[in-house]
Amino acid sequence: QVQLVEFGGGLVQAGGSLRLSCTASGLSSYNMGWFRRTPGKEREFVAGISWGGGFPNYADSVKGRFTTSRDNTKNTVYTQMNSLEPEDTAIYYCAARRGFGVSHWSHDYDYWGQGTQVTVSS
């Protein structure tokens, strides 16, 4: 069992930045994804990174603003979120996948964190 814990959510003004972190023992063996959910909507893919740190990929809505990275020596994955917009307001989740590569589909992930709230005010 992998217990993922996210940190770094909060309240920020539009145009501001936040950095989310996700940590778990043994996380370095997993391909990782970030998802977000707003009330009444399905969980949507935000960003992902392979276990070795290569092939980061992003949803079109955050491309150029968000950067995901990882430090396997610390068993931690990060997402730096810049130029935040009110539309980015959501609960953000990190997820770990045993399968090959990064998937944009939430059902492909095996473990989930509890989520962290990000609120962007206009």
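Some points to look at:
- Computed from label points 7 Å out along Cα-Cβ, the spacing between residue 1 and residue 83 is 4.2 nm.
- Residues of the range 64-96 with amide N under 16 Å of the 7 Å Cα→Cβ point at residue 119: 85-92
- Structural descriptor for the chain: relative contact order 36 percent, calculated from alpha carbon pairs under 8 angstrom and at least 6 residues apart.
- Solvent exposure of the range 27-87 amounts to 51 Å² per residue of accessible area, where only protein heavy atoms count and the probe is 1.4 Å.
- Amide H contacts of residue 111 (H built 1.01 Å from N, in plane; Pro and chain starts excluded): 96 sit under 5 Å, all sequence-distant by 5 or more or on other chains.
- Length gained when the stretch residue 73-residue 110 is fully extended (0.36 nm per residue, less Cα-Cα span): 11.1 nm
- Sulfur and carbon atoms: percent of accessible area, the chain [1.4 Å]: 50
The values are calculated or read from the model by the stated rules, or taken from the named source; none is laboratory data. Treat the numbers as computed from the prediction; the structure is a model and nothing was measured. Quick reminder, even Gly has a Cβ in these numbers, built from the backbone with ideal geometry, and neighbours come from all protein chains shown. These accessible areas exclude ligands, DNA and RNA; they are computed on the full protein's heavy atoms, side chains included. Shrake-Rupley method; radii C 1.70, N 1.55, O 1.52, S 1.80 Å.
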